[in-house]
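Before any comments, here is the structure.
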Amino acid sequence: MREDIFLLGPLARIAFQRFWRLTRGLHLAVEACVVDEAGKILLLRDGKSNGWSLPKGIVRKDETLELALKRMLRDIAAIEVNSKPELSGFYAEGRDWQTGLFVVRDWRRLSSPVLPEMDFFGPASLPLGTTPETAGRIRRSAEGRTISEV
């Protein structure tokens, strides 16, 4: 039996792994911690789970994180971001979702809210239905800590 046949299995495995890592889908999202003048945070009620979460949206192809954040806030909450938002950090959700968390302090309301189920809450008085992960991101943002400083 030829010795080079035994090398074919490991080489094929390595080649397939590299191909898979380069071609698999990775989803990118942005999440906003919008802070009002009283230090309260904007939360949206999720109609499916009846829980509360930060505004979040998907980054489209050929779109920067900042542009996706501005588009998402304009479309979902009728909010215009006036200055450069502060990137607080990234976190992973599952194997193929990466989310950039931004803190937005300088903003203005464009019109009445698009969603009826949105409100501002203090970091210490979050509503029932806020997940512990969301509450942790809100606390870190309110304290001015980045995710990497935890």
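Bear in mind that the values in this text are calculations on the coordinates, not laboratory data. Keep in mind the model is a prediction, meaning the values are calculated, not measured. Virtual Cβ from ideal backbone geometry, glycine too; neighbours counted across all protein chains shown.
Miscellaneous remarks
- Counted residues, segment 32-59 - those being touching a His at 6+ places or on another chain (Cβ under 9 Å) and farther than 19 Å from Phe90 by Cβ: 0
Conditions (1) in contact with a Leu (Cβ under 6 Å, 6 or more places away or on another chain); (2) over 20 Å from Ile138 (Cα atoms), marked per residue:
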site	(1), (2)
Ser49	no, no
Arg60	no, yes
Glu66	no, no
Leu73	no, no
Ala78	yes, yes
Asn82	no, yes
Gly89	yes, no
Gly100	yes, no
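- Every residue from segment 59-91 that is in contact with a Pro (Cβ under 8 Å, 6 or more places away or on another chain), of a type in the set (A, V, I, L, M) and either assigned to a helix (DSSP H, G or I) or touching a residue at least 60 places away in the same chain (Cβ under 8 Å) (or both): Leu69, Met72, Leu73, Ile76, Ala77
- Selection over segment 41-70 of residues that are charged (D, E, K, R) and under 11 Å from Glu117 (Cα atoms) gives a count of 2.
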